[in-house]
Amino acid sequence: CIAAVALLRVWGLSEQSLAWLEIKFFDGFQIGKAQIVPLKILFGLVVFFVLLSIAKGLSRRTSRGKMLSRKLDASAIETFAKVTTYLGFIAAAIIGLSVAGFNFQNLAILAGALSVGIGFGLQNIVNNFVSGIILLFERPVRTGDWVQVGGTEGFVKNVRVRSTEIQTWDRTDVVIPNSEFISQQVTNYTLRDPFGRIVVKVGVAYGSNTQLVKELLLGVAKAHTKVIKDYPGNKVPNPSVIFREFGDSSLNFELRVFVREITEKLFILSDINFAIDKAFRDNDVEIPFPQRDLHLRSSIALPKSKD
């Protein structure tokens, strides 16, 4: 205020004008039925930003607290911190408006205007906002989860009130409206635990020793460090080999294994394929090429017509 007064004096504003501005600044002026007091508005803004800073600081301190981290998982702590921030914003806004002299009896008018706005095109915004609240409290999708929604697959980076940010395997950030997580089918590969199953399909030539094939596949699975073997309580099945079918050109098998980190699925699958190829070569097990019979039929040449 002092700087503003000094600046006005430099511009040559008269004492009478300064006195008039001072009166309007402290006592306010009338617009319709509303009394506008700039000093109260300024003080209300200061109160709002101070309370908002306190709420954000409390949220950060809560998310980093050791006592809370012992009782809740990381996603629950993140949800608690975001809810604390949102509630702090609402409280700061209400207190700031009260200090600024806002008449809360006018909320009915604002609510009516807001309902008209929703009817004319804010349905998607409200839908995404409500969906974001549901996601924060229900937590079917959490930061760090590997999910697939629609045609997008990747890791959840951030769950906001209006949208959720997903980073794909190409490290491309995709922003998806929260309503899609509520209205569409969502696949969450790591919701309960990081375990997951990998199915490796392989075919061998007819005449191969099927028992030897089974032993080789199981040996490859058990030799990999990230394949689960003998999990306590038998909650996760051990590696298994399924003889699927007698195919057109091969005997088809499936090696089914559970791994500790499904997010590393592609790398583990590649390691297992390399190991199977080596084991089959060392034990003379043939992986056949598809065989197709080609039948040729000779045609009788027709005599040429004479013109």
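The values are calculated or read from the model by the stated rules, or taken from the named source; none is laboratory data. These numbers were taken from a predicted model, which means no experiment stands behind them. Here the Cβ positions follow ideal geometry from the backbone for every residue, glycine too, while neighbour counts run over all protein chains shown. To get the accessible areas, we keep the full protein, side chains included, count just its heavy atoms, and leave off ligands, DNA and RNA. Shrake-Rupley method; radii C 1.70, N 1.55, O 1.52, S 1.80 Å.
Just to check your reading of the model, which residue among G196, G203 is over 16 Å from T263 (Cα atoms) and of a type outside the set (S, T, N, Q)?
Working: G196 fails: over 16 Å from T263 (Cα atoms).
Residue meeting the stated conditions: G203.
Anything in segment 171-185 that is of a type in the set (S, T, Y) and open to solvent by less than 80 Å² (accessible area, probe 1.4 Å)? List them, or say none.
First pass over segment 171-185, keeping only residues of a type in the set (S, T, Y): 172, 179, 183.
The answer is T172, S179.
What number of residues in segment 152-191 are more than 18 Å from T263 (Cα to Cα), of a type outside the set (A, V, I, L, M) and more than 10 Å from the chain's Cα centre (by Cα)?
Of the residues in that region, 7 qualify.
Within segment 172-199, which residues are in contact with an Asp or Glu (Cβ under 7 Å, 6 or more places away or on another chain) and in a strand (DSSP E or B)?
Of the residues in segment 172-199, the ones in contact with an Asp or Glu (Cβ under 7 Å, 6 or more places away or on another chain) are 173, 175, 188, 190-191, 194, 199.
Answer for segment 172-199, where residues must be in contact with an Asp or Glu (Cβ under 7 Å, 6 or more places away or on another chain) and in a strand (DSSP E or B): D173, V175, N188, V199.
Residue under question is V241, and the condition is that it be among the aliphatic types (A, V, I, L, M) and touching a residue at least 40 places away in the same chain (Cβ under 8 Å); does it hold? Please lay out each step first, then the result.
Details: among the aliphatic types (A, V, I, L, M): yes; touching a residue at least 40 places away in the same chain (Cβ under 8 Å): no.
No; evaluated as a whole, the condition is false for this residue.
Please determine, by comparing only the residues of segment 236-275 that are among the acidic types (D, E) and assigned to a strand (DSSP E or B), which one is modelled with the highest pLDDT. Break it down into steps so the answer makes sense when it comes.
First pass over segment 236-275, keeping only residues among the acidic types (D, E): 245, 248, 254, 261, 264, 271.
This time we only want the ones that are assigned to a strand (DSSP E or B), so: 245, 254.
Values: E245: 92, E254: 96.
Out of the qualifying residues, it is E254.
Look through G219, G196, G151 and report the one residue that is surrounded by fewer than 14 Cβ atoms within 10 Å (Cβ to Cβ) and either free of Cβ contacts under 8 Å to residues at least 24 places away in the same chain or in contact with a strand residue (DSSP E or B) (Cβ under 8 Å, 6 or more places away or on another chain) (or both).
Details: G219 fails: either free of Cβ contacts under 8 Å to residues at least 24 places away in the same chain or in contact with a strand residue (DSSP E or B) (Cβ under 8 Å, 6 or more places away or on another chain) (or both); G196 fails: surrounded by fewer than 14 Cβ atoms within 10 Å (Cβ to Cβ).
Step by step, each of G219, G196, G151 is checked, and only G151 is surrounded by fewer than 14 Cβ atoms within 10 Å (Cβ to Cβ) and either free of Cβ contacts under 8 Å to residues at least 24 places away in the same chain or in contact with a strand residue (DSSP E or B) (Cβ under 8 Å, 6 or more places away or on another chain) (or both).
Find the residue count for segment 241-260, including only residues that are out of contact with any Gly (no Cβ under 8 Å at 6 or more places or on another chain) and open to solvent by 40 Å² or more (accessible area, probe 1.4 Å). Quick ask: steps written out before the conclusion?
Residues of segment 241-260 that are out of contact with any Gly (no Cβ under 8 Å at 6 or more places or on another chain), as a first pass: 241-246, 248, 254-257, 260.
From what's left, open to solvent by 40 Å² or more (accessible area, probe 1.4 Å): 242-246, 248, 256, 260.
Qualifying residue count for the region: 8.
Looking at G207, G233, can you tell me which residue is outside any loop (DSSP other than H, G, I, E, B), free of Cβ contacts under 8 Å to residues at least 12 places away in the same chain and exposed (fewer than 13 other Cβ atoms within 10 Å of the Cβ)? It would help to see each step written out before you state the result.
On the way: G207 fails: outside any loop (DSSP other than H, G, I, E, B).
On inspection, the qualifying residue turns out to be G233.
So V202 ticks every box in (1) touching a residue at least 40 places away in the same chain (Cβ under 8 Å); (2) at positive phi but one. Which box is left unticked?
(2)
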